[in-house]
1. Within region A:207-226, does at least one residue satisfy the condition of being open to solvent by 20 Å² or more (accessible area, probe 1.4 Å) and in contact with a His (Cβ under 9 Å, 6 or more places away or on another chain)?
2. Take B:LEU229 and decide whether it is surrounded by fewer than 18 Cβ atoms within 10 Å (Cβ to Cβ) and not in a loop (DSSP other than H, G, I, E, B).
3. Can you tell me which of (1) open to solvent by 30 Å² or more (accessible area, probe 1.4 Å); (2) part of a loop (DSSP other than H, G, I, E, B); (3) of a type outside the set (D, E, K, R) is the one A:TYR152 doesn't meet?
4. Scan region B:134-143 residue by residue and report those that are in a loop (DSSP other than H, G, I, E, B) and more than 12 Å from every other protein chain (Cβ to nearest Cβ).
5. Collect the residues in region B:167-189 that are in contact (Cβ under 8 Å) with a residue 60 or more places away in the chain, more than 26 Å from B:GLN91 (Cα to Cα) and part of a loop (DSSP other than H, G, I, E, B), keeping them in residue-number order.
6. Go through region A:122-138 and report how many residues are open to solvent by 10 Å² or more (accessible area, probe 1.4 Å), of a type in the set (Ser, Thr, Tyr) and at pLDDT 95 or above.
7. Is one or more of the residues making up region A:99-121 open to solvent by 10 Å² or more (accessible area, probe 1.4 Å), modelled with pLDDT of 95 or more and in a strand (DSSP E or B)?
8. Could you tell me which residue of region A:1-22 is farthest from A:ILE232 (Cα to Cα), considering only residues that are β-branched (Val, Ile, Thr) and assigned to a helix (DSSP H, G or I)?
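The values are calculated or read from the model by the stated rules, or taken from the named source; none is laboratory data. For clarity, every value in this text was computed on a predicted model and none was experimentally measured. A quick note on method: Cβ atoms are made from the backbone with ideal geometry, for glycine too, and the neighbour counts reach across all protein chains shown. The protein model used for the area step is the full one, side chains on, heavy atoms only, and it has no ligands, DNA or RNA in it. Shrake-Rupley method; radii C 1.70, N 1.55, O 1.52, S 1.80 Å.
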Number of protein chains: 2
Amino acid sequence: MRIAITGAAGFLGQMLVTALSARDTLALNGEPRRISAIIANDIAAEPLDRLARLRRVHALPGALSAPATLARLAEDSPDLVIHLAAVVSGQAEADFDLGMAVNLHGTVDLVNACRAMRRPPVLIFASSVAVFSCTANDTITEDTPPAPRSSYGTQKLMGELLVRDATRRGFIHGRSLRFPTIAVRPGVPNRAASGFASGILRDPLAGQPADLPVGRDLRLHLGSPARALDHILRAAALAQEALGGEPTITLPGISVTVGEMIDTLARLAGPETAALIRPAPDPATEAIVASWPGGIDTPRARALDFAPNADFAELLREHMDRRGVAAA
Amino acid sequence: MRIAITGAAGFLGQMLVTALSARDTLALNGEPRRISAIIANDIAAEPLDRLARLRRVHALPGALSAPATLARLAEDSPDLVIHLAAVVSGQAEADFDLGMAVNLHGTVDLVNACRAMRRPPVLIFASSVAVFSCTANDTITEDTPPAPRSSYGTQKLMGELLVRDATRRGFIHGRSLRFPTIAVRPGVPNRAASGFASGILRDPLAGQPADLPVGRDLRLHLGSPARALDHILRAAALAQEALGGEPTITLPGISVTVGEMIDTLARLAGPETAALIRPAPDPATEAIVASWPGGIDTPRARALDFAPNADFAELLREHMDRRGVAAA
């Protein structure tokens, strides 16, 4: 089978392409399949060139807004499309038009390209728990009605609805995954409002100071990059019938306070590392992040075998192992 | 103030333009205002020419997908935009692309035109209770999470989300109204799946037979055209603060079975009129309409002074009076 990945140059995209390239088979829609090709799409050409050196990986540079990119993708007729391309929350708030272009219209155009494929592909759409909001960083459930308070969350929710309708109509076999805040993100900070959740761990572990824009009591619904990867593969494997007409899945995560995160960092990497975190309250970030749920109960996702990290220490160790940082 | 109406050639649009032309003032955003101009937009040119003979009414023919139409609208900078243009449910199900073009992209383009206006206008977006679904024609509440089972309902829900986010960002003062099924619609049948709710009343009253595609026990959440008009004016009058950040309003209606509708028709217009209704079960229509709620509790809308019809007889008499049909 052929697999196409949008946003392949992003951190999750690169991990996914690398992991798929190392495998020979993948379960799709309830059946094991041989992987014959991986098409890595992104607007950033340089990381794609690097990825294209991996076995079975082919680079498809170009924006989803470019008809030529979509025509190539439709012609290629992948069996599985993993749609990661997105403008993150802080940037979608700063530039409404860019967020609409990528997060909404990019998704609409991709679904239309899927309709032009030889057979309906499985489409995995990366959504976010930013579709939810709550009054005071509360714990909610996967059945809580979404009520986004950001353009990013709004655009992701609109995309979910399109994926849901296109699945009902048989254009695609859609699965929308509402990802928890993913930490620890490697590389340079992006413009996600939740970026500090990675920054306060990643930067001190690299010996750099990190600003903490929110209070220690704020709770986050978190998942590690490796968990996110597992969830994508699990979503691909699911038989469509298992979704019962509702292809949107709120993924489980671990609920942890910023204070607990810092204390775990001090325990695993030493107090001098944790001391590199400096309080730098930022009302704009606090306003966005505090309207996100601090925890989410997800019995449906768990029954579908989506599992969260064991605890925050596991999540932090995953990053330390990847970066070769020795525990204190 | 200047008022722009999209879909002005539709039945509700024509009623609205006519009613506004007869008034001198209208409450907008909590304050009484003088009406100086009414811009009637539609793709159907002929009814617009007729409307343009009314005082203060100006025709703006053209699709919302045409940049020239939107540029004219933005340049005109109305204080109130009433967005009625839509592809109805049966048609949006039959032609996915047309539904997306008008119901989603038309709304996105109109919101963008509003951003180019001199000041943020009040935008009233006509949505529908088709955003809801339920298992067995149940009674739901305005807090029930939307879960559309039609492309029409999906596209309307996506439009609501955009209006909500654009309102939060201050681009517009948005109000999305989820209209009940509107009956009795005058004129020729349209392609709404709910069209029979008007047809089984309108056609027999005109001496014509009418097909009944659903069973007598099916319940509908109904409102009359005059009520729909009142609700639009009420939504315009509301101060933005009254909406508390949630600009989507599920409108109240009366909950009535098809059997009660037919019995009331027999009582007011005579049994020989009701006898013109012929059972003609249509599984496609039944499947769409039975997934709509049979009744909706709307305490928030009622607290905001949106009132439903008194009963079904009032709704039927409104049509008989307008058509000059004598009661039996």
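1. Within region A:207-226, not a single residue is open to solvent by 20 Å² or more (accessible area, probe 1.4 Å) and in contact with a His (Cβ under 9 Å, 6 or more places away or on another chain).
2. Yes: the conditions hold for B:LEU229.
3. Condition (2) is where A:TYR152 drops out.
4. Within region B:134-143, B:CYS134, B:ALA136, B:ASN137, B:ASP138 qualify.
5. Within region B:167-189, B:PHE171, B:ILE172 qualify.
6. Count: 1.
7. no
8. Here the answer is A:THR18.
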